[in-house]
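The values are calculated or read from the model by the stated rules, or taken from the named source; none is laboratory data. Quantities reported herein were computed from a predicted structural model and do not represent experimental measurements. As a convention, Cβ positions derive from the backbone with ideal geometry for all residues, glycine included, and neighbour counts pool all protein chains shown. Accessible surface is based on the protein model in full, side chains and every heavy atom, while ligands, DNA and RNA are left aside. Shrake-Rupley method; radii C 1.70, N 1.55, O 1.52, S 1.80 Å.
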Amino acid sequence: MAFMDIARRNNVTVTGNPQGRPVVLAHGFGCDQNMWRLTVPALADDYRVVLFDYVGAGRSDTSAFSEDRYGSLSGYARDVVEVCEELDLRDAVFVGHSVSSMVGVLAAAEAPERIGALVMVAPSPRYIDEDGYRGGFSAEDIDELLASLESNYLGWSAVMAPVIMGHEDRPELGEELKNSFCATDPEMARVFARTTFLSDSRDDLKTVTVPTLVLECLQDAIAPREVGAFVHEAIPGSTLITLDATGHCPHLSAPEATNEAIRGFLAGLR
């Protein structure tokens, strides 16, 4: 696939310092690269910032969507690797929000020469509780969530967006997330949702050998703090920072604290 095809497929945007270390910003489920707009200015002076949309999100080329490919996180990781290859990124820092944190883990394992560090923002390797592991949801909870999403995606978006954002005092944040959800093709969202909420990437964490920052929030309805602790424990040498923030999208609700943590981590990399 030619570069222009990949750039168009994933709506790739490159900004910032062309001489700086590349930093790839990857959005989560139901979002697009615009969700990083408060982070980009904090990085642009010193880093080459790469943004993109997963196929089915934002301004990506939806004709490239395939349920076979995107029915597993490895399909999204392949997109990341292909973007990195076409831009010839080396030793990039991959910043992934939510499920994209696990996509980054897979991409780093597939192309270690391309990705040299990971930043996980509100990550979760497994959303469903099991004996000895708390993901935050029972299997029945996830079944109901997916059934609701598949039967009435717009209604699901209106109900879930404020819960995910976690800021009743700032309804504009929940409204923005709802609008982002609603802009996503419902059928493609269904596939990504099942891929996200039914995935189990816990064993994949053992493959991480690069410097890793784990960012969690004090209160997060999607990824409780037990999850952050699990990810931190599973990745030797990782750094865990608990942001004084509420909700699952701290890069929108608490951008100053999020950006400070990311910049501090980047400054410590060699």
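So which residues in segment 237-270 are surrounded by fewer than 21 Cβ atoms within 10 Å (Cβ to Cβ), part of a loop (DSSP other than H, G, I, E, B) and not aliphatic (A, V, I, L, M)?
G237, S238, G268, R270
Tell me yes or no: at least one residue of segment 37-51 is farther than 25 Å from M160 by Cα, among the hydroxyl-bearing types (S, T, Y), modelled with pLDDT of 95 or more and open to solvent by 60 Å² or more (accessible area, probe 1.4 Å).
No, there is no match, as no residue in segment 37-51 is farther than 25 Å from M160 by Cα, among the hydroxyl-bearing types (S, T, Y), modelled with pLDDT of 95 or more and open to solvent by 60 Å² or more (accessible area, probe 1.4 Å).
Among the residues of segment 97-125 satisfying the criterion of being within 14 Å of the chain's Cα centre (by Cα) and assigned to a strand (DSSP E or B), which is farthest from L269 (Cα to Cα)?
The residue in question is H97.
Could you list all residues from segment 211-233 that are farther than 16 Å from D129 by Cα and open to solvent by less than 30 Å² (accessible area, probe 1.4 Å)?
T212, L213, V214, L215, E216, C217
Quick one: is G75 open to solvent by 30 Å² or more (accessible area, probe 1.4 Å), farther than 25 Å from G20 by Cα and under 17 Å from the mean Cα position of the chain (by Cα)?
Here the answer is no, as G75 does not meet what is asked.
How about segment 35-60: which of its residues are acidic (D, E) and more than 19 Å from the chain's Cα centre (by Cα)?
Within segment 35-60, D45, D46 qualify.
Filter segment 134-149 for residues that are over 20 Å from A122 (Cβ atoms), of a type in the set (D, E, K, R) and surrounded by 14 or more Cβ atoms within 10 Å (Cβ to Cβ) and give the result.
D143
Counting residues that are of a type in the set (A, V, I, L, M) and within 20 Å of M120 (Cβ to Cβ), which helices (runs of 4 or more DSSP H) fully inside segment 1-75 reach at least 1?
The helices (runs of 4 or more DSSP H) meeting that bar are 40-43.
Restrict the check to segment 189-200 and report whether at least one residue is without any contact (Cβ under 8 Å) to a residue 40 or more places away in the chain and surrounded by 19 or more Cβ atoms within 10 Å (Cβ to Cβ).
Scanning segment 189-200, I find no residue that is without any contact (Cβ under 8 Å) to a residue 40 or more places away in the chain and surrounded by 19 or more Cβ atoms within 10 Å (Cβ to Cβ), so the answer is no.
For segment 150-182: of the residues being free of Cβ contacts under 8 Å to residues at least 40 places away in the same chain and not in a helix (DSSP H, G or I), which is most open to solvent (accessible area, probe 1.4 Å)?
E168
Out of A108, A122, A117, I need the residue that is in contact with a Cys (Cβ under 7 Å, 6 or more places away or on another chain), open to solvent by less than 20 Å² (accessible area, probe 1.4 Å) and in contact (Cβ under 8 Å) with a residue 40 or more places away in the chain. Which one?
A122
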